[in-house]
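Reading through the structure tokens given below for one structure.
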Amino acid sequence: MKRLWFASSGSIRQRLILQLLVLVAVLSWVLYLSVKTVAGSAVETTQDAILGSATIAIAEELRGGEDGVAVDIPYTAFSMLGATGEDRVFYRIIIDGVTVTGYEDLPLAEEPLGGLSPVFYTRSYQSETVRIAAVERSVLVGNKPARVEVIVGQTRSAQDAIVAQMANRAAALGLGFFAIAAVLSLLTARSVLQPVRNLTEAVGRRGPQDLRPVERPVPSELAPLVTALNQFIARLSGALTRTETFIAEAAHHIRTPLATLRAQAEITLRQSPDEATRASLRAMIRSVDDSARSVGQLLDHAAVVYRTDQRTEEEIDLVALTRDIVAAFGPAADLRDIGFDLSLPDAPIVMTADRLLLESAIRNLLDNAVKYSALEGRISVGLALEGEGGAGLVRLKVCDRGRGLSGTRSSTLTGRFRRGSNVADVVGSGLGLTIVREVAIAHGGDFRLTERDGGGTCADLSLPLG
Amino acid sequence: MRRLVLALGLILSCATVAPAFEIEEERVFDAGSGAPEVRILSTTDTEIFAPLVVAFQMANPGIAVRYTVASTTEVYKAIAGHEAAFDLVVSSAMDLQMKLANDGYAREHRSAETAALPDWARWRDQLFAFAQEPVVLIASRPELEGLTLPRTRADLITLLRDNPERFDGRIGTYDPNRSGAGYLFATQDARQSDTFWRLTEVMGGLSPKLYDGSGAMITDVQAGKLALAYNVLGSYAAAQLAGDPSAVLIELEDFTNVLLRSALISRDATRPELGALFLDFMLSDEGQTLIDRRAGLPRIDPATLASAGHRRPIRLDPGLLVFVDPLKRQRFLREWTAAMVRR
Amino acid sequence: MRFLLVEDNPDLARSVQTRLSLDGHAVDWAASLADAEDHLAASGYDLILLDIMLPDGDGRDFLAAHRRAKRDTPVIVMTARSAVSDRVALLDTGADDYITKPFDFAELEARVRAVLRRRMGAAQSLQTYADLTFDPLSATITIAGDSRELRSRELRLFEILLSGPDRIFSKAQLVDRLFSAAEAVSDNAIEVYVGRLRKKLEGSRARIETVRGVGYRLTAQ
């Protein structure tokens, strides 16, 4: 069977899985980022709250007096900053623009500080990233208000550590989600494609002659495909029927007029005493026979070519088949006083093959032998098993005592329409042996012609039994 | 002539170190010529630390040790002011050490030994506690004859109030103005509870004697000059009072602060790896055992804290920075002085 | 013999009819199955030549009906197809043999005679002429207890001569009926076979007489 080579455009399953995985990967990534962001933001809010509390705690302790602002940093203000980790703490207290204590170069806020809530900002300080909370208070000194800024800064390693930990958890979550989703994707892809697999299996299980429409229930997405397939099957079925009909009709429409022609020629032959006329009539009749045989072989060949693509395999008893075909040739061979020497085994030889192809092959072999055999000659037909069991083959040998091959190589004889150089006066187109060879090839067998000792040709067809 | 030589010699010996800060002692533990030298700046007397240094040199031959002793404030000044390059800085002033670490003067160091420390004994892998000492009350038995030994600060207040005549001029404690350790103890007391100020008030009315160090206080108690010494370093007390039944060491049960002696590797260190080596030795089992048994400084032991609820380690956290703040310090000392020094 | 030819193509039918009548056979022509039924109802035939594709039906259906009605007139099917499986199927349906168009009339005669021989053989009838007995099925002539077997062509030559005792058959006629029309036959081919047959008739009163310039005839002394 000729294999159709077509470009494979990827696998649905792979595409489905790939797309699902990509989707899941994106979702996992989004999940990871969201958790990380949300967590980070939550942690920052919490840390800011603590930092803010510390700053406010200091601000609350500011007391205005007669001779200045009293600053009393509560112990807990800084102590609480050590609660969540080991971050460095910086602070700066500014009264009316003058830094009274703390780290003098701790960066100030850029936006105005107003209201009760601290303002938060992030700066680089002492080669670390520092989160600073700033609070402003107005304290009365004497009767004049003094503006006091309290800023407290803290490095972010504790916060970063928490965020990193959460990010790791989020990553683990994301990966876990991805892994589960990947497994589910594989299962989904499998399950989704199950109907396709079922359909393929059902159609694949059909025999080569099964051209019934596909009628199993399929998911709605596959319905258009099945409809198209059924339409295709219908067209193919129709085409095949038309081909078979054509072959039958062609045979009929060509052979019937040829039959008329031949009959008329025979009539005229009977009525002509003149040898010259009789000779030309015989020539005419040979032409008619030639045409008839050509047509027969062409149609046969067409059928064979069609069949080698669409073989119907069945169990055939080769012994019985050979016997039948030899019997069919009986009277024709008889007419030329040609007899058959059969050596067929008693037991049947059963092989799985296409009946029509085998018939064509054997018929053409015998037709060839009868055609090229001498008058009153004998044709030997032998069928034998060779080899062991399943690896064995069956050999059909048809040998005649005709003119032999006269040096022509047997392979050239089986090329289409080739006839040997010494058969110019014998009726018949060259397709017969081509057909035998094609049938041999279709069944994985072999066919060759050999010269026979003492004159004549042997046609050797071997077919594997398995 | 001899004075010149002496002066020259002194100048020359100082030239290698050239400190612009005051040192109390300096001793070099040799290890052969050309040997690399680890420089340790410490507040602990050489005598106490020597066994540890010797053991270190035995475990790490070929390393010389230069051991310099200074007061807590001088130690702080030396490092914060980039006065001199030391590899390891050992101090009992937790607040000053914390400030050094917070302000970026310490190097990070991680090792198996540092990892073995409990969380409260370590800060940012930069500051490491190697000894824990309770801050205790020393009482003279003979002087307190007939009186119940106080168990809490409230007891102590009551005791002092009820028996002023017995304690007048006979109480001793650190002067926080002059002693870093004293300042730390006082401020930690103050933040822990209200009783401190009441105690201070009461003590202030009894003409207390003020000291620079624990040693002198203990001696005076033993000699009978003091009836009570408040806020004494437990290690010194245990050492000095060993076998002496006349004085008793009391850990007050409302709370007893536990001082953590700490070490850090200076950022300016010339041989930081040697500093780290010594630090790891201090924290190792051998080192800790030596510190405990030979130096008399109790080793880091979470079990001893867990077993006694009243013992509270002073936390190595930024809270310590509060009392380092000059304004805060000023304010505290003013109040303290006002309360304690009245006559 | 009487033939019923069932064939719808008029040209072919007339040609076959004419050719067979040249051999002395009577041929009735039916152009359809209905026509064939009419003919069969009216007379009896020695053999039916049946085409498969007819305007009013498939010849095979007619054949099946023919056999179901237990009519036993031998049937040879004329078909344009040469597949062996068709042949087997036709034989199963009830045909006695089949021949593919275009066919050689000598071959047709050979097949007809074979079919009739089998029929007669089944009926176990022997033919006698003069002092000989002829068994067509075994192709033997028995003369005074001595059986001689006839080979294929000798057999057919004998049957032709026996079908018209004392009738003269021309050499040309015999050639046409014994050899395929496509074959160029040598001049003395008939003489060879007549000679062989004469040998087989030795000892009998029956003999083949050469009529110079005309032909041959079977006659008894």
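So the values come out like this:
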{"read-out": "Breaking point among (1) under 29 Å from C:Glu159 (Cβ atoms); (2) of a type outside the set (Asp, Glu); (3) out of contact with any helix residue (DSSP H, G or I) (no Cβ under 7 Å at 6 or more places or on another chain); (4) outside any strand (DSSP E or B), for C:Ile48", "value": "(4)"}
{"read-out": "Residue match in segment A:218-235 (condition: surrounded by 12 or more Cβ atoms within 10 Å (Cβ to Cβ) and among the basic types (Lys, Arg))", "value": "no"}
{"read-out": "Long-range neighbours under 9 Å by Cβ, at least six apart or interchain, first residue more than 7 Å from chain A (Cβ to nearest Cβ) within segment B:325-342, second outside any helix (DSSP H, G or I) and among the hydrophobic types (A, V, I, L, M, F, W, C)", "value": "B:Met340/B:Leu210; B:Val341/B:Leu210"}
{"read-out": "Filtered residues of segment C:171-194 (kept if of a type in the set (Ser, Thr, Tyr) and more than 9 Å from chain A (Cβ to nearest Cβ))", "value": "C:Ser186, C:Tyr193"}
{"read-out": "Sole residue being outside any helix (DSSP H, G or I) and under 20 Å from B:Ala181 (Cβ atoms), chosen from B:Val258, B:Val248", "value": "B:Val258"}
{"read-out": "Restricting segment B:176-211 to residues that are among the acidic types (Asp, Glu) and modelled with pLDDT of 90 or more, the residue that is nearest to the chain's Cα centre (by Cα)", "value": "B:Asp189"}
{"read-out": "Every pair of residues 6+ apart whose Cβ atoms lie under 8 Å, when the first sits in segment A:266-278 and is facing chain C (nearest Cβ under 9 Å) while the second is surrounded by 13 or more Cβ atoms within 10 Å (Cβ to Cβ) and of a type in the set (Ser, Thr, Tyr)", "value": "A:Ile267/C:Ser15; A:Ile267/C:Thr18; A:Arg278/A:Ser272"}
{"read-out": "Qualifying residue in segment B:233-252 (condition: at pLDDT 90 or above and closer than 20 Å to B:Thr43 by Cβ)", "value": "no"}
{"read-out": "One residue from B:Ser266, B:Ser246 being touching a strand residue (DSSP E or B) at 6+ places or on another chain (Cβ under 8 Å), small (Gly, Ala, Ser) and within 21 Å of B:Ser92 (Cβ to Cβ)", "value": "B:Ser266"}
{"read-out": "Segment A:46-85, subset in contact with a Ser or Thr (Cβ under 7 Å, 6 or more places away or on another chain) and part of a loop (DSSP other than H, G, I, E, B), residue farthest from A:Ala109 (Cα to Cα)", "value": "A:Gly85"}
{"read-out": "Members of segment C:139-162 that are in contact with a Lys or Arg (Cβ under 7 Å, 6 or more places away or on another chain) and within 12 Å of chain A (Cβ to nearest Cβ)", "value": "C:Glu154, C:Arg156"}
{"read-out": "Extreme residue, modelled with the lowest pLDDT, among residues of segment A:303-329 that are in contact with a Phe, Trp or Tyr (Cβ under 9 Å, 6 or more places away or on another chain) and closer than 16 Å to A:Gly432 by Cβ", "value": "A:Ala328"}
{"read-out": "Failed condition for A:Thr55, given (1) free of Cβ contacts under 8 Å to residues at least 40 places away in the same chain; (2) within 14 Å of chain B (Cβ to nearest Cβ)", "value": "(1)"}
{"read-out": "Top-ranked residue in segment C:72-101 [being under 21 Å from C:Gly24 (Cα atoms) and part of a loop (DSSP other than H, G, I, E, B); ranked as farthest from the other protein chains (Cβ to nearest Cβ)]", "value": "C:Thr73"}
{"read-out": "Residue in segment C:179-202 that is surrounded by 15 or more Cβ atoms within 10 Å (Cβ to Cβ) and assigned to a strand (DSSP E or B) present", "value": "no"}
{"read-out": "Contacts under 6 angstrom Cβ, first residue in segment A:121-141 being within 13 Å of chain B (Cβ to nearest Cβ), partner surrounded by 15 or more Cβ atoms within 10 Å (Cβ to Cβ), 6 or more apart", "value": "A:Glu128/A:Thr155; A:Val130/A:Arg123; A:Val130/A:Gly153; A:Val130/A:Thr155"}
{"read-out": "Verdict on B:Leu297 being in the same structural domain as B:Leu96 (by TED's automatic domain parsing), of a type in the set (A, V, I, L, M), in contact with a helix residue (DSSP H, G or I) (Cβ under 6 Å, 6 or more places away or on another chain) and part of a helix (DSSP H, G or I)", "value": "no"}
{"read-out": "Hits in segment B:163-185 (condition: in contact with a Ser or Thr (Cβ under 8 Å, 6 or more places away or on another chain), part of a helix (DSSP H, G or I) and within 21 Å of B:Val221 (Cα to Cα))", "value": "B:Ala181, B:Gly182"}
{"read-out": "Meets criteria (more than 14 Å from every other protein chain (Cβ to nearest Cβ) and closer than 30 Å to A:Arg286 by Cβ) for C:Gly203", "value": "no"}
{"read-out": "Any hit, segment A:373-385, residues being in contact with an Asp or Glu (Cβ under 6 Å, 6 or more places away or on another chain), assigned to a helix (DSSP H, G or I) and surrounded by 18 or more Cβ atoms within 10 Å (Cβ to Cβ)", "value": "no"}
{"read-out": "Residue among A:Arg262, A:Arg255 that is in contact (Cβ under 8 Å) with a residue 40 or more places away in the chain and either more than 33 Å from the chain's Cα centre (by Cα) or surrounded by 11 or more Cβ atoms within 10 Å (Cβ to Cβ) (or both)", "value": "A:Arg255"}
{"read-out": "A:Leu62 vs. criteria in contact with a strand residue (DSSP E or B) (Cβ under 6 Å, 6 or more places away or on another chain), more than 10 Å from chain B (Cβ to nearest Cβ), on the phi < 0 side of the Ramachandran plot and crowded, with 18+ Cβ neighbours inside 10 Å", "value": "yes"}
{"read-out": "Strands (runs of 3 or more DSSP E) within segment A:282-367 that include 2 or more residues touching a strand residue (DSSP E or B) at 6+ places or on another chain (Cβ under 8 Å) and of a type in the set (Asp, Glu)", "value": "A:314-317"}
{"read-out": "Pairs with Cβ under 7 Å, 6+ apart, first in segment C:201-214 and in the same structural domain as C:Pro165 (by TED's automatic domain parsing), second surrounded by 11 or more Cβ atoms within 10 Å (Cβ to Cβ) and among the small types (Gly, Ala, Ser)", "value": "C:Ser204/C:Ala130; C:Arg205/C:Ala130; C:Arg205/C:Ala220; C:Ala206/C:Ala130; C:Ala206/C:Ala220; C:Val214/C:Ser170"}
{"read-out": "Selected residue (criterion: farthest from B:Ala80 (Cα to Cα)) from residues of segment A:100-118 that are within 11 Å of chain B (Cβ to nearest Cβ) and among the hydroxyl-bearing types (Ser, Thr, Tyr)", "value": "A:Thr101"}
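The values are calculated or read from the model by the stated rules, or taken from the named source; none is laboratory data. The shown structure was predicted, so the numbers you read here are calculated from the model rather than taken from an experiment. Using ideal geometry, Cβ is built from the backbone for each residue, glycine included, and neighbour counts are taken over all protein chains shown.
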